[in-house]
Amino acid sequence: MRRGREALASAVHLLQGEYFSDAISRAYYAAFHFARALLFLKGLEPKTHHGVIQLLSLHFVRPGMLQENIADHLRRLETFRELSDYDAEAEFGHVEAERRIRDAEEFINECTKILEKSGLRVSPWSTSRHGGKSARRSKRNQDGR
């Protein structure tokens, strides 16, 4: 989950720096890492991005633990990530990058609720698009030392 939080913070910073394609890519990876965390709850470790999406649908959407419209955020983010990473002609602006970051945030928030219901303690986090800083607790506080 740490990697997911870091990817989301990176996406916000990239958005502020007007690196829109990279912001979209990092937003996807933020959501992707949280999706993997959910799958780990079930002992699942998919080897592909597509596998993550399929197993998420099978083990969390179908049983009603995760709403389909929220899972669609991950699917949409993957599509945009592929375009931003591999399509040399794809161009994205501020509005599109901000929408994708918002999708990632909504997806992560729902994943966090499921993770907490399972008994995992998820450290608080947030991003601030206005202040440009990620509000994260220090490693020292996260470790309880």
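Read-outs: derived from the displayed coordinates by stated rules, not from any lab. Because the structure is predicted, anything quoted here is derived from the model rather than measured. Methodologically, a virtual Cβ is constructed for each residue, glycine included, from the backbone with ideal geometry; neighbour enumeration extends over all protein chains shown.
Quick notes
- ³J(HN,Hα), Karplus 6.51/-1.76/1.60, whole Hz, each residue of segment 60-71, x for Gly, Pro: 10, 7, 4, x, x, 7, 9, 5, 4, 5, 6, 4
- Residue-by-residue Karplus 3J(HN,Hα) for segment 108-119, coefficients 6.51, -1.76, 1.60, Hz, glycine and proline x: 4, 4, 5, 4, 4, 4, 5, 4, 5, 5, 7, x
- In this rough spin-label picture, where each label sits 7 Å from Cα along the Cβ direction, the residue 88-residue 62 distance is 4.1 nm.
- Here the Karplus curve 6.51 cos²θ - 1.76 cosθ + 1.60, taken at θ = phi - 60°, turns the phi angles of segment 83-99 into couplings of 5, 5, 8, 10, 9, 4, 8, 6, 10, 10, x, 4, 4, 5, 5, 5, 4 Hz, with x standing for Gly and Pro.
- Reported to the nearest whole Å, the Cα centre-to-centre distance from segment 17-51 to segment 72-87 is 11.
- Residues in segment 88-112 reached by a label modelled at residue 42 [backbone nitrogen below 15 Å; 7 Å Cα→Cβ]: 111
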